[in-house]
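Where a number appears in this text, it was derived from the coordinates with a stated rule and is not lab data. Please read all numbers here as calculations on a predicted model, not as lab measurements. Here the Cβ positions follow ideal geometry from the backbone for every residue, glycine too, while neighbour counts run over all protein chains shown.
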Amino acid sequence: MAIDRVVEDLLRADGRSLVFVLGEEARRRVEAGFVSAGSQVATLERSRRDVKVVFLNKLQYLLMFLMKLEAERVAEYSSVVLYGLDTLVEAPGNSATEQVRLANLVVSTLYKVRQKHDLRVAQIVWMDESSAAVKLDRIVAYWDSLLR
């Protein structure tokens, strides 16, 4: 599912949403999608009020954000979406093993946040069907079955 459709679904639903866009390529795609999308005034106003987008380039920062969400007593958001996790894991200059370990921590923390705050949506959207996405699919399936 493309990130554009996910954001459209979030805008149609009630509640506030937090979207993490991970890596430079994901950022370029999201920004290009926002520019090319038809901009109705009501949709733009609602998106500014109810959908927060955070751009990050490191898994460590994402993990810190998710741990902060987990520690909060009351959930501010009803949906959390991660976009581009697969490309951030494959980023050159990073140890693949270390990145997969961090991705595992990120996914487990996301599912703990979903469980603790009873989130309506806790979703990970892949940019591409890469080898990293295949590995991460197994991690997501594991945590989903464990913390369902």
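With point charges of +1 on the Cβ of Lys and Arg and -1 on the Cβ of Asp and Glu, referenced to the Cα centre of the chain, which listed residue (Val80, Val19, Val113) lies farthest in the positive direction of the dipole?
Highest projection toward the positive end goes to Val113.
Quick check: net charge around Thr87, other residues with Cβ under 14 Å of its Cβ, Lys/Arg +1 and Asp/Glu -1?
Within the 14 Å Cβ shell, the charges total -1.
Starting from the Cα of Asp4, step 7 Å along the direction of its Cβ; do the same at Thr97; then give the gap between the two resulting points in nm.
Placing both labels 7 Å along Cα→Cβ, they lie 4.1 nm apart.
Here are some values of Cα extents along the principal axes in Å: [x] 53, 29, 20; [y] 45, 34, 23; [z] 71, 36, 23. Which one was computed from this structure?
Entry [y].
Treat the count of other C-beta atoms within 10 Å as a stand-in for reagent exposure and order Thr87, Thr97 from fewest to most.
Thr97, Thr87
Based on the mean of other beta carbon atoms within 10 Å per residue, what is the order of 102-113, 66-77, most packed first?
Numbers: 102-113: 20.9, 66-77: 13.8.
Going by the mean number of other Cβ atoms within 10 Å, highest first, we get 102-113, 66-77.
Mind checking which of Val89, Ser131, Phe65 is farthest towards the positive end of the chain's charge dipole, using Cβ charges of +1 (Lys, Arg) and -1 (Asp, Glu) about the Cα centre?
Positive-most Cα among the choices belongs to Phe65.
Length gain on complete extension for the stretch Val74 to Leu11, per 0.36 nm per residue less the alpha carbon to alpha carbon distance? Intermediate values should be presented prior to the final figure.
On the way: separation 63, 0.36 × 63 = 22.68 nm, distance 2.17 nm.
Result: 20.5 nm gained on full extension.
Excluding same-chain pairs closer than 8 in sequence, count the lysine pairs in segment 3-146 whose Cα atoms lie under 24 Å apart.
9
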